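So the structure is just underneath, and the comments pick up after that.
Quick note: the coordinates plus some simple rules give every number you see, no bench work behind them. Worth saying up front: this structure is predicted, and the values here are computed from it rather than measured. Cβ atoms come from the backbone with ideal geometry, glycine included; neighbour counts cover every protein chain shown.
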Amino acid sequence: MFPWMMFPWLSAFYRWPLSGDVQQDIAPLTNLFSPQLAVSFAGNPDIEREVVSQVASYGRQLGILTDAVLAMAADSCDPAVERLRETRDAVEDVKARHRTAAIKSSRQAMDHLRRTDEEAFRELLRELAASTRPDNG
């Protein structure tokens, strides 16, 4: 038999595993890599959050630094520079894969909309055309 069942008064003096109050903020998994993720920054977390959300994501910042280092390294065959080039190329491959998947998904959605609701399809096309026109004003 379990000790807490034989001696229920023990819970007043001892907290058994998985017993007692638990208070914890749990963010959905979709926020795992978003700027809202609370990380112990060395600087001011408000500034870090604003920079990442409004100026440049960590990936964008790393891309800028990678481009700068590779520009300075130019024709270098140093192993570290070669690894950086390989990493940059792998990142570009991932981006291209995601871009291709997004285009495919968009085409499928547009085709579905065209088949199921011709008027909504045409309205969406008008909106997209209007949003891509350069402003003349």
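Points to keep in mind about this one:
- The stretch between Val94 and Ser53 holds 12.6 nm of extra length on full extension. This uses 0.36 nm per residue minus the Cα-Cα distance.
- Spin-label pair Asp78-Ala130: with each label point 7 Å from Cα along the Cα-Cβ axis, the two points sit 5.4 nm from one another.
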